[in-house]
Number of protein chains: 2
Amino acid sequence: MKELYGSIEAGGTKFVLAVGNEDLEIIERHSIPTQSPTDTMPAVIDFFKKFPVQSIGLGCFGPIDLNKNSSTYGYITNTPKLDWHMYNIVGVLEKELAVPVAFTTDVNAACYGEFVAGAAQNLDSCVYYTIGTGVGAGAINKGTFIEGFSHPEIGHMTVNKAKGDFYEGNCPFHESCLEGFCAGPSIEKRTGKKGEELKEENPVWEMISFYLAQAIYNTTLFLSPKKIILGGGVMRQAHLLDQVKDKFQKMMNHYVEYPNIDEYLVLPSLGENSGTIGSLALAKEEKIRIHK
Amino acid sequence: MKELYGSIEAGGTKFVLAVGNEDLEIIERHSIPTQSPTDTMPAVIDFFKKFPVQSIGLGCFGPIDLNKNSSTYGYITNTPKLDWHMYNIVGVLEKELAVPVAFTTDVNAACYGEFVAGAAQNLDSCVYYTIGTGVGAGAINKGTFIEGFSHPEIGHMTVNKAKGDFYEGNCPFHESCLEGFCAGPSIEKRTGKKGEELKEENPVWEMISFYLAQAIYNTTLFLSPKKIILGGGVMRQAHLLDQVKDKFQKMMNHYVEYPNIDEYLVLPSLGENSGTIGSLALAKEEKIRIHK
């Protein structure tokens, strides 16, 4: 029998739990709402107690402490979700389930999924964005996550205001940040409707695509990744990707010769599974690393 | 006798040539103006023919082709300096001097100098900016250069206009880019004077520090480097670093817990020698790599 690995995508609204095998095939999946740790974590532990997993990959909402030399390694740190503030999520899982946990951000896990088995397979660099309730990104350079004193927080980069956009932004921290201007809630606040209810002609898409084009532009200049993958609910608007490509190309104005635009800027190959497959891959590597 | 290595800092206005030993001590240095390749390159070759160098580290103005699988690896590519457009600088040096050449951008070389022997010694990540005639940056993540389909071009990131700044920017490619708003020429065009002739109270410094603060803010969010080093002529304004620190901290608004600001954001430890020492270190590593 093939060995089993666990995956947890710990998001702000739900936890997606999964079990997969060493070929990264998903065998079982279960989703639970994100409530407080005392509600959510017992359900997580119960789920994994049913499967003899070798290790677990955990892609977690942030900010989180990834520094293995830190006394709070494995904690969710400075989150506005007060129930989870300074919560030792890795410690609890390792104690209750007695398996090693590979820990990274939710967006790094999704980035890794696309890197090992999706749109960036066979490349050595890529960036994965999620544009949904919030905006975040994970990045890989020469086969390794971008990570310094902490993980990136690319979703909060500063951007120029779109012409005709009088919305003040939705970020409690920053006046002019990407997330504040193009995450899902900003669309709803501008139009009174959810993105999926809006027509292609709605002028809000011109704004959203302008902000995303700036993000792709800056990402290209900072990281020159071989592939940029745009995931998350907002990207389900079929027309949006082309609008972003168009504005990005005009903004770059041939200054940098990036790869062919239709290869360079893409939707996730793994659809909704990028994070799960990435976490399973990280779990598998963690198990291999520990047994070396 | 200690082994000798060569360093070339090929800049837009001058080439700085140096010879150093395996301890990265500079033994001889020579500077020549950047004219056309037919004027400049013979002088470069004559200089190095006098020393039995094992290899040469070349930090070059860009854009350059760093892809070893490319037919134009080692070329200066799409530069506005037409004499150097598609010039095979690595090929010419290797042919004429018969030594291996380690090739990177001018800012990567300076970044590497600070990384191996300067402000970021003993860290595994850093970013080095030069703010002078142009703006550029080199970046190291987990001990390796940030490099994907090409090298970064961080100096052209998009920024928000400073209040009261009516200058249209100095970048021929981009409407609102960092280099266009805070490189040396932009200071001179706004004020009619060179930066070094301006008083600390001149309002232009409020603008320059606002643009640089945005650069540091975005750099922190993209790369979370353990150290950011600000070099180049514009940073010789003694008051400027503190202005940048102040604006950066306000802009970040405690969203990310970066290292202590006085450790995090610094001037180069190696002064004017960052690029030379970095190129010597790269030359030494190239020689070791080839002899493995």
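The values are calculated or read from the model by the stated rules, or taken from the named source; none is laboratory data. Not measured: the values here are computed from a predicted model. Note that each Cβ is placed from the backbone with ideal geometry, even for glycine, and that neighbours are counted across all protein chains shown. Areas reflect the complete protein model, heavy atoms only, side chains present, ligands, DNA and RNA absent. Shrake-Rupley method; radii C 1.70, N 1.55, O 1.52, S 1.80 Å.
A few comments on the model shown:
- Against the main long axis of the alpha-carbon atoms of chain B, helix B:37-49 sits at an angle near 60°.
- With a Förster radius of 41 Å applied to the C-beta separation of B:GLU168 and B:LYS95, the computed FRET efficiency comes to 0.40.
- Computed over the alpha-carbon atoms, region A:235-292 gives an Rg to Rh ratio of 1.21, Rh here being the Kirkwood radius from the mean inverse distance.
- Estimated vicinal HN-Hα couplings, Hz - region A:31-36 in sequence order (Karplus 6.51, -1.76, 1.60; Gly, Pro = x): 10, 10, x, 7, 10, 8
- For q = 0.15, 0.17 Å⁻¹, Debye-computed log10 I/I(0) when each Cα of region B:38-124 counts as one equal scatterer: -0.63, -0.79
- In whole angstrom, region B:119-269 maps to an equivalent ellipsoid with semi-axes of 24, 17, 14, each derived as √(5λ) from the alpha carbon gyration tensor and ordered largest first.
- The label point for B:LYS68 and the one for B:ASP246, both projected 7 Å from the Cα toward the Cβ, are 4.8 nm apart.
- Accessible area ranking (1.4 Å probe, heavy atoms, ligands and nucleic acids excluded), largest first, for A:SER176, A:SER269, B:SER274: A:SER269, A:SER176, B:SER274.
- Region A:119-269 - share of DSSP beta bridges that are antiparallel (%, nearest 5): 60 percent
- Alpha-carbon centroid distance for the pair region B:195-231 / region A:21-43, whole angstrom: 44 Å
- In chain A, the sites counted are GluC sites (Glu not before Pro) in DSSP loop states with at most 11 other Cβ atoms within 10 Å, and the longest stretch holding none of them, exclusive of the sites, is A:26-199.
- For the set A:HIS174, A:HIS254, the ranking by accessible area, highest first and with no ligand, DNA or RNA atoms included, is A:HIS254, A:HIS174 under a 1.4 Å probe.
- A:ILE26 paired with B:GLU272, simple spin-label distance in nm, labels 7 Å along Cα-to-beta-carbon: 6.0 nm
- In nm, spacing of pseudo-spin labels at A:HIS239 and A:LYS193 (7 Å Cα→C-beta vector): 1.2 nm
- Per-residue ³J(HN,Hα) for region A:240-247, Karplus 6.51 cos²θ - 1.76 cosθ + 1.60, θ = phi - 60°, Hz, x for Gly and Pro: 5, 4, 5, 4, 5, 4, 4, 5
- Across region B:56-71, rounded Karplus estimates of 3J(HN,Hα) from the backbone phi angles (6.51 cos²θ - 1.76 cosθ + 1.60, θ = phi - 60°) give 10, x, 10, x, 10, 4, x, x, 10, 9, 9, 7, 5, 8, 8, 6 Hz, Gly and Pro being marked x.
- The amide H of B:GLY136, built 1.01 Å from its N in the peptide plane, has B:THR130 as neighbours under 5 Å, considering only residues 5 or more places off or on other chains.
- Separation between Cα centres of region A:258-276 and region A:107-179, rounded to whole Å: 13 Å
- With the convex hull drawn over the C-alpha atoms of region B:35-191, the volume per residue is 154 Å³.
- Note on the protein assembly as shown: the C-alpha convex hull projects to 27.7 nm² when averaged across all orientations.
- If R0 equals 45 Å, the separation of the Cβ atoms of B:ASP262 and B:LYS81 corresponds to a calculated FRET efficiency of about 0.75.
- Heavy atoms of the protein chains alone define the surface here; on that basis chain B has 42 Å² accessible area per residue at 1.4 Å probe size.
- Shape annotation for chain B: C-alpha extents along the principal axes are 54, 39, 35 Å, from largest to smallest.
- Per-residue surface analysis assigns B:VAL204 an accessible area of about 10 Å², computed on protein heavy atoms at 1.4 Å probe radius.
- For region B:119-269, carbon and sulfur atoms together expose 47% of the accessible surface, with a 1.4 angstrom probe and every protein chain in place.
- Calculated SAXS-style log₁₀ I(q)/I(0) at q = 0.12, 0.16, 0.17 Å⁻¹ - region B:157-230, Debye, Cα scatterers: -0.34, -0.58, -0.65
- Here is the list for region A:94-182: chymotrypsin sites (Phe, Trp or Tyr not before Pro) lying in DSSP coil, each with at most 11 other C-beta atoms within 10 angstrom of its C-beta, are A:PHE166.
- Mean residue ellipticity at 222 nm, helices only, chain B: -10500 deg cm²/dmol; runs of at least 4 DSSP H residues each add -39,500 (n - 2.57), and the sum is divided by the number of residues.
- In region B:119-269, Cα pairs under 8 Å separated by at least six residues give a relative contact order of 28 percent.
- Net charge over other residues, Cβ less than 14 angstrom from the Cβ of A:GLU22 (K, R count +1; D, E count -1): -2
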